[in-house]
Amino acid sequence: MIRYALVCAKGHSFESWFPNSAAYDKQAKCGLVTCPTCGDSKVEKAIMAPTLSGTKKRSKAAVPVPAAEAPAAEAPAPDAPTPDAAKAPVAMMSPQEREFRTKLKELRDHLTKNADYVGQKFPEEARKMHYGEIDHRSIYGEASPQEAKELHEEGIEFHPLPVLPDERN
Ligand SMILES: [Zn+2]
């Protein structure tokens, strides 16, 4: 089907559909194409204005189409195997948690700045202080879980140093 914009001898413009251009030529020649307004069969093709509808079409096609969600950007499943075998527990932190973390760091910085580092001798030093063999002072160091348990059983009070997740060494 083809659509023609037509105009009659009196200037009425109208549109009509034809199976093809040859069919229009034939019908127009035989006076079968008539103006719907005045019935005039003296019609001819009007100057088409394809730019109008064409522009419309083009501008419509030019509208940026939102990109489809790219499957490539999909985040890997949480349990997907990672090349890095050593996995650390991780967490998304809220602002409050970040603040808490900062406080933890401050606490640890304060402790480590004002205490003596005794390393592996921590249980020994803690015991000496507890039993009055040496003066009390702030110390920090390392204790195995077993040593920590024993110290607790002896009533020696101490606390694990806060270790920040991203500061493992
Ligand atoms: Zn007419």
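Only residues in the range 1-22 that are closer than 16 Å to Ile47 by Cβ and of a type in the set (A, V, I, L, M, F, W, C) count as the first member; pair them with residues that are open to solvent by 50 Å² or more (accessible area, probe 1.4 Å) and within 8 Å of the ligand (Cβ to nearest atom), Cβ under 6 angstrom, at least 6 apart or cross-chain, and list the lot.
So the pair list comes out as Phe14/Pro36.
Conditions tested, residue by residue: (1) farther than 26 Å from Lys103 by Cβ; (2) within 51 Å of the chain's Cα centre (by Cα).
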| position | (1), (2) |
| --- | --- |
| Val118 | no, yes |
| Lys121 | yes, yes |
| Glu124 | yes, no |
| Ile134 | yes, no |
| Gly141 | no, yes |
| Lys149 | yes, yes |
| Pro160 | no, yes |
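Taking the range 134-164 only, how many residues are touching a helix residue (DSSP H, G or I) at 6+ places or on another chain (Cβ under 8 Å) and among the charged types (D, E, K, R)?
Number of matching residues: 6.
Give the number of residues within the range 120-169 that are small (Gly, Ala, Ser) and exposed (fewer than 11 other Cβ atoms within 10 Å of the Cβ).
Matching residues across the range 120-169 total 2.
Among the residues of the range 89-121, how many are under 15 Å from Pro162 (Cα atoms) and in a loop (DSSP other than H, G, I, E, B)?
1
Scan the strands (runs of 3 or more DSSP E) fully inside the range 1-51 and keep the ones with 2 or more residues being within 16 Å of the ligand (Cβ to nearest atom), at pLDDT below 95 and within 54 Å of the chain's Cα centre (by Cα).
2-8, 13-18
The values are calculated or read from the model by the stated rules, or taken from the named source; none is laboratory data. Everything numeric in this text was worked out from a predicted model, so none of it was measured. Heads up, the Cβs are rebuilt from the backbone with ideal geometry, glycines too, and the neighbour counts pull from every protein chain shown. Heavy atoms of the whole protein, side chains included, go into the accessibility calculation; ligands, DNA and RNA do not. Shrake-Rupley method; radii C 1.70, N 1.55, O 1.52, S 1.80 Å.
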